[in-house]
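Q: Below are the structure tokens for one structure; questions will follow.
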Amino acid sequence: MRGRGGGGRSGGRGGAGNYTNPCLTMHQPWASLLVYGIKRIEGRSWPAPLRGRLWIHAASKVPEQDTIKAMEEFYKEIYALNGVTDIKFPEHYPVSRLLGCVEVVGCLKLDELASWEAIPEGVRVEGQTDFCWLCEQPQKLLIPFEMRGFQGVYNLERKIYESAARGLVPVEGPLPVKFPLPNPRDPYSLSPGSVSSQSTAGHTTEVEKSSSLVVAIASARAAATQFNKKDQNHAITTVESSASTKQYELRSKSSEQRKLSPVSLPHNCDGEPSTSNESKPNNDCKSEQSSRHNRVTAGSEQLPRASPKLFAAAVRGLKPS
């Protein structure tokens, strides 16, 4: 099944094809299942852009128990196709951690993997996505590193890589698989089209699926789909929350600006606060007020001078801050 991580051919700071210590962020439980050698196929909607070591990082989202259970049942069923019933699953599925690495030895399309008779039946059923990254030689970190992940394949920071490379230990999966390269001298020879082009029989062998396996596959697909939908809903909620916060900040800023603006009080021609109930100034004041207004709106940053009486009243009302 597909490990629900960030999509795209290149992401973070890696750049397409420019990888030194490539890393892929995946959601749990898919990330740990891959590092523990239980998961041998990493499914994506895009072909693997690399061969060789790929570091695996667990995203920050905590997996639900139903999701973990569905994926563990799925792998129990596909391993049973090859007579393997004793599978030791991870005790914990840590998040926001660098977990270990695998070796990506090739990439095939789904129909090619399903018909490839050179590999065990369970591996052929494991692929459930458009492109299947073929993974071998899992290694895990004795102490997973806390770090931030990125979308797509990206390069590990040098300091993290140097520390992580010293803490790796090999992992023996329940049924390790060796994917044969069409051309042992070409590490990229196991690519989409390479298996189907070698097929002379021209037919695909369908793995016989029991009812329990069919249910396990359906449950695993549903868990992956629901996980993805929750991520989308979370992203939408985050965007909406961010927009609401921005609107609130704009309203607060506008309100604060209104508080800081000088209060418009009726004034007489001398600048004294008017005690009259008149809402309009008399004709003699109109020209002076218009002139003052024009000076302020023309870009002057100085406020009109307050009268001595108003200033004295304001000083008396001040309190120590």
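Q: Restricting attention to the stretch 37-53, which residues are farther than 19 Å from Ile119 by Cβ and over 18 Å from the mean Cα position of the chain (by Cα)? Quick ask: steps written out before the conclusion?
A: Restricting attention to the stretch 37-53, the residues satisfying the condition of being farther than 19 Å from Ile119 by Cβ are 45-46, 49-50, 52-53.
Matches in the stretch 37-53: Pro49, Leu50, Gly52, Arg53.
Q: Do you know which of the residues in the stretch 46-86 that are aromatic (Phe, Trp, Tyr) and out of contact with any strand residue (DSSP E or B) (no Cβ under 7 Å at 6 or more places or on another chain) is surrounded by the most Cβ atoms within 10 Å (Cβ to Cβ)?
A: Only one residue fits best here, namely Phe74.
Q: So Cys107 passes all but one of these: (1) part of a strand (DSSP E or B); (2) surrounded by fewer than 20 Cβ atoms within 10 Å (Cβ to Cβ). Which condition number does it fail?
A: So Cys107 meets the others, but not (2).
Q: Here is a further query. Please state which of the following conditions Glu146 fails to meet, knowing it meets all the rest: (1) under 15 Å from Ile38 (Cβ atoms); (2) at pLDDT 95 or above.
A: Result: Glu146 fails condition (1) only.
The values are calculated or read from the model by the stated rules, or taken from the named source; none is laboratory data. Quick caveat, the model's predicted, so the values are computed rather than measured. Neighbour counts run over all protein chains shown; Cβ positions are idealised from the backbone, glycine included.
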